[in-house]
Structures are given as structure tokens and as C-alpha cells.
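FYI, it's all coordinate maths here, none of it is from the lab. This is a predicted model, so every value here is computed, not measured. Cβ: placed from backbone, ideal geometry, glycine included. Neighbour counts: every protein chain shown.
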Amino acid sequence: MILVSGFNVYPNEVEDVVAAHPDVLESAAVGVPDENAGEAIKLFVVSKNSQLDEQTLRQWCKKELTGYKVPKYIEFRDELPKTNVGKVLRRQLRDEEPTKV
């Protein structure tokens, strides 16, 4: 669970909305430290279409999610780290490197 300004945000809820976008192959949402909100949502995305950009994806999220659930940071990747059974390793994504604010 991600705690944004005192509100609970479940990563699966954000990921489900993003997964409905036709150009998204897979995604993972994690909480990263934020000075103002305690935590902010960072979204890692594997795209099917190289034309997909942050602005387009953020607009998609704004239509489907409440404001505090819209990812503050979006990072595109070629693949996401997974366990042997195919589960995305959110902890590894969160711990890789601090988000530049």
C-alpha cells in the first residue's frame, strides 16, 4: 500500500487502470519518498508502442483515477524485474534508485 497525503492507494488499482490502455504491455506502481505528501506514486511501464509518452499516460490516469492516485513519476522500461513464477518485484523497483525531485 502507498500512503499519499494520508490516503491509502493500492498499487493494483493504479496498475489495473494503466493496463487498460491499449499501448501498455505491463506496469508496476510503487511508493517513493516525497517531501510534501510523505509518499508519491511512481509508475514503471513496459509499452507496446514507442510513441506512448508520459503526458498521454498521465491524461489517461486523470480520466480514470482520483487526483491523488495519479502517478507523479512515470518511467518507461524494456522489461520489469520478476520472480521465477512471473510476479513483478515491486520492492526491487522501489529500492533501485531514489527518484529525482
Pair Arg77, Ser5: separation of 7 Å Cα→Cβ label points (nm)
2.8 nm
Relative contact order of the chain, pairs being alpha-carbon contacts under 8 Å that are 6 or more residues apart, as %
27 percent
Theoretical gain in end-to-end length, Asp16 to Ser50 [0.36 nm per residue, Cα-Cα removed]:
10.2 nm
Scan the chain for trypsin sites (Lys or Arg not before Pro) in coil per DSSP, keeping those whose Cβ has at most 14 other Cβ atoms within 10 Å, and list them by number.
Lys48, Lys87, Lys100
Is there a quick way to get the dipole size of the chain? I mean about its Cα centre, with the Cβ of Lys and Arg at +1 and of Asp and Glu at -1; what is the value in debye to the nearest 20?
140 debye
Give a quick list of GluC sites (Glu not before Pro) in the stretch 45-101 that DSSP marks as loop, anything other than H, G, I, E or B, with at most 13 other Cβ atoms within 10 Å.
Glu79
